[in-house]
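Here's the structure, in C-alpha cells; my notes come after.
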Amino acid sequence: MYTKDTERSLATLAKSLLSGKTPGSPEETAASLRQVIRHSDWRYYIQDDPVLSDQEYDQLFSQLKKLEETHPELVSADSPTQRVAQGLTKVFPTVQHLVPMLSLENSYDADDLIDWDRKAREISGLAEIEYCIEPKFDGASISLIYENDLLARGATRGDGVQGDEITTNIRQIRSIPLSAKFSDYGIQQIELRGEVLINKTTFAKLNEQRAAENLPPLANPRNAASGSLRIVDPKEVAKRGLEAFLYNMSYHTMNDGIAEPPAIQTHSNTLAMLWQLGFRSPAREMKVVKGIQAVIDHCLDFETKRDDLPYEIDGMVIKVNDYELQDRMGMTTHHPRWAIAFKFKARQATSILRDVEFQVGRTGSITPVGKIDPVPIGGVIVGSLSLFNEDVIKEKDLRLGDRVLVERAGDVIPYIVKSIADLRTGEEKDIVFPKNCPVCKDPLFKPEGESVWRCVNINCEAQVVERMIHFVSKDAMDIRSLGESNVRKFWSLSLLKDVPGIYTLDFEAISKLEGFGPKSISNLQSAIETSRSQPLHRLIFGLGIRYVGETTAKTLANSTEHLLKLADYTEEQLLALEDIGPKVAGSVRQFFLNQDNIHMLQKLEELGLNLKGNTGSRSAEGTLSGQTFLFTGTLHKLKRSDAEAMVEQQGGKILSGVSSKLNYLIVGDDAGSKLEKAKKINTVKILSEDEFINMVQ
Ligand code: IVH
C-alpha cells in the first residue's frame, strides 16, 4: 500500500501541516490533508500501529473540515470528512446483489474435507488442487460495490438475492476505504464480500457501558455487529467500533480493452491486491497449500489458536485458489462447489430449561436465572445462566421444560440462543415473572422505558446483603478477609445486619465459629481497621449508589469537603460536575433524600470512617497533570492500587488500555500484550517500576 519512502514523506508532510504550514493553494492543502488522514486511518485501523496521536489527528481533521467549509467546491465524496453523516436513516431500501450471495457448505472433520476434495478432483480432473485457507469470521455478512474507484454502495446479505442498502452506515467503518485505486488494475466495477465484526475488547466495553446505562447486555459480538449495521443514527454506528474483513471478489468488470491482470486470476492474489489497496483483507491470515492433508493440518492447528485472536471466528474457509478452476466447478443453488467451511467444535449444546430463579441485585434489579440440565460446552459445564430480563424471555418465547440451544462464545458468558419449539410436547409451562420481590415480598416496579423490574425497598434483605458484599469488595473499601462468603455467613447467623455493623462485629462470637482461628480473626480485624481511613471516593463507590461507578465517585469526592454536604446539592449543582448527567444526578439526589441513608453515613462517621472530601487537596496542577498512565504485569515494591493512587494524587490519569492517548506504561513482571502494543506506539514511554518510583518522588 505505502512504500517506506512514501510513509516518510507523509510523516514530513504531517509535521509541516501540524505546524500550520500549508503547501500552497487551498486545493493542494486539502489534498495533502486527505492524504495524511487516510494514511493515518490505514495505520490505525488496518495496521493497528498508529502514527499520529489522537490530538494530532483531530487537529488535522478539523483543519480539513474548516477548509472544506470555506471552499465547499473542494469537498469530494471520498474525503475523510464525508464519513460523518447528518440526520437519521429513515428506511434501508432493498437492493439487488449483483450476483447472489450464496452461503457455504459445512464440514466438521477430516473425513468431510477428504470427501469434498475427492469430488473437487473428479470435477477438475486434477491430481492435486491448490487451496487458499482463511478464517471464517463470525460477524455480519456485507457486500460492497466500488465503481470507478469510489465506494458506491454497501448492503447487508438479506436473503442472499436482495439485501438492505446500508451505505451510510458502512461509511462509518474506518477500515473500509471510501475510495481505492482499482483502476490501477483496470477494474471499472467490483463487488466485494466481507464480514463486519466487533472485536472482543470493544464488545466487552460496549456491554460495560450498557450495564452502566441499565440496558440489557448484547448477547454476543456477532449479534452486536449485525444489530449495529441497522442502527438508524449513523453517529451511533460510528461509536460501535465496527471492523470489516473483505474476503471475496464476487463480481467485476474491466475498463475497456484491458485484460485481467494476474492480481485477479487467483483468490490469494485478489486478497493481496485488496490489502495493497488499503482494505483489511485476510491477506496476513491466509495460507495457500497444495492437497487436502495440508488443509486439514492447518485447520486443526488454527483451531488451537482460536482464542488468541482479538475477534471471534467459528471455523476456517477453504477455497479453490485458481479462478478459472472455480468457474469450471460452478455452484449448486445454495453454495459454490469451490469453497467449503470447516466448522470448529461447537460451543453450542442443547439442554432442558428446568427452572427459573429470580435474583435480587444490589440496586434491587431482578435477574431471572435459568437452571438447565448441566451440559459441557467447550470444556465448561453449564448448569445455570442469566436470562437477563422479562423482555428477553418473551422475545425468545422461553418456557419451562423447553429444549433450549445454549451457546458459550469465547469470552462471552453462556446464554440461551433460542428454544426449540418443534420439540415441544405440550407439557411446557409459561415462565411467570413475579409481581413481588422474591425476598422481601414488596411489589416490584418497572420504570417506564426500562426492561428491568426492581424491588424499590432499600431495606430488602437481599439488597442489604448484596450492598455489603459490594462495600467490602476490592475496588470499594477493600476489606479482603471479609469477602462474599463471610458476609453471607455472618448475615445468616445474625452477626451482621447492615454496613455499619461491619465496624461493630462481635469477634468473640466469630472466634467460636469453625475456621476462625486467632490468625484469621486478627487479619479480619486489621483489614476492617485499615478500611476506616480509606479515601472518600472508595466509600462513595462502596455505597453502591445506582450509576455511580469509580470515576463518578472520584468526581463527587473531589467536589465536596464532606460527604454529608453532598446531601444539600441541588440537581443543577450535581449536573455542573464533570461527566455527571441527569441520570446520575437524579440517582445521587434520591440516595441523599432517604433519611435512612443519612443516618447510616452519620453512624459510619461516628465509627471513625473518613467522610472528608478532597476539595483543594487534589491539584489538577500536580506534577503529573495532563499525563496518562497504565500499569501492566506484577509490581514488586508497590501495590497496584497504591501506585495508581500516587498518579492520581499528582494530577495524572489512569487509562484502561494502550492507545495513542497513553503517555506512560509502567511494566512489572510477566507483562503481556499491553507491552507489545505499547512498543508499537512511538509516543508511549515505557518505564520500569523503579523508574516510576523515581519519577513520582
Ligand atoms: S466466502 C460464495 N469467506 O460465512 C462464498 N465467507 O456460512 C462466499 N464467512 O455467508 C463466502 N468468513 O458470511 C467466505 N473467509 C470467509 C468467510 C465467510 C465468514 C461467512 C459468510 C458466509 C458464511 C457462510
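Summary of computed values
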| quantity | calculated |
| --- | --- |
| Phi-based couplings in Hz for the stretch 244-250 (Karplus 6.51, -1.76, 1.60; Gly and Pro marked x) | 9, 9, 9, 10, 8, 9, 9 |
| Tensor-based shape of the stretch 431-528 (alpha-carbon gyration tensor, a/c under 1.5 rounded, otherwise prolate or oblate) | prolate |
| Over the chain - Rg/Rh using Cα atoms and the Kirkwood inverse-distance radius | 1.00 |
| Net length gained if the chain between Tyr2 and Gln209 were fully extended (0.36 nm per residue, minus Cα distance) | 70.8 nm |
| Orphan Cys of the chain, criterion: no other Cys C-beta under 4.7 Å | Cys132, Cys299 |
| Segments 192-201, 70-79 sorted - mean Cβ within 10 Å per residue, highest first | 192-201, 70-79 |
| Solvent-accessible area of Ser175 with every protein chain in place, 1.4 Å probe, in Å² to the nearest 10 | 10 |
| Mean-position separation - Cα centroids, the stretch 115-145 and the stretch 30-107, in angstrom | 32 |
| Probe 1.4 Å, protein heavy atoms only - accessible area per residue of the chain in square angstrom | 49 |
| Estimated D of the stretch 243-372 in µm² per second, where Rh is the Kirkwood radius over Cα pairs and Stokes-Einstein applies at 25 °C, 0.890 mPa s | 131 |
| log₁₀ of I(q)/I(0) at q = 0.27 Å⁻¹ - the stretch 2-42, Debye sum with one point per alpha carbon | -0.94 |
| Largest to smallest accessible area among Ser641, Ser32 [probe 1.4 Å] | Ser641, Ser32 |
| Rounded to 5, the percent of DSSP beta bridges in the chain classed as antiparallel | 85 |
| Solvent-accessible area of Trp491 with every protein chain in place, 1.4 Å probe, in Å² to the nearest 10 | 60 |
| Gain on full stretching of the segment that runs from Ala421 to Tyr108 - 0.36 nm per residue minus C-alpha separation | 110.1 nm |
| Residue order for Arg328, Arg589 - accessible surface, 1.4 angstrom probe, largest first | Arg328, Arg589 |
| Two-site label geometry, Asp642 and Ala259: point separation in nm, points 7 Å out along Cα→Cβ | 7.5 |
| From the C-alpha gyration tensor of the stretch 122-167, square roots of 5λ in Å | 31, 15, 12 |
| Accessible area (Å², 1.4 Å probe, nearest 10) - Lys345 | 150 |
| Whole-number percent relative contact order across the chain, with pairs defined as alpha carbons under 8 Å at least 6 apart | 9 |
| Solvent exposure ordering (accessible area, 1.4 Å, most first) of His267, His252, His470 | His252, His470, His267 |
| Value of D in µm² per second that Stokes-Einstein yields for the stretch 522-587, Kirkwood Rh from Cα pairs, at 20 °C (1.002 mPa s) | 168 |
| Sum of -39500 (n - 2.57) over DSSP H runs of 4+, divided by residues of the chain (222 nm, nearest 500) | -10000 deg cm²/dmol |
| Pairs from Lys200/Lys319; Lys136/Lys200; Lys637/Lys679; Lys305/Lys343 whose Cα-Cα separation, in the structure shown, is over 20 Å | Lys200/Lys319; Lys637/Lys679 |
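The values are calculated or read from the model by the stated rules, or taken from the named source; none is laboratory data. Nothing here was measured: the structure is a model prediction, and the numbers come from that model. Glycine gets a Cβ as well: all are built from the backbone with ideal geometry, and neighbour counts include every protein chain shown. Accessible surface is based on the protein model in full, side chains and every heavy atom, while ligands, DNA and RNA are left aside. Shrake-Rupley method; radii C 1.70, N 1.55, O 1.52, S 1.80 Å.
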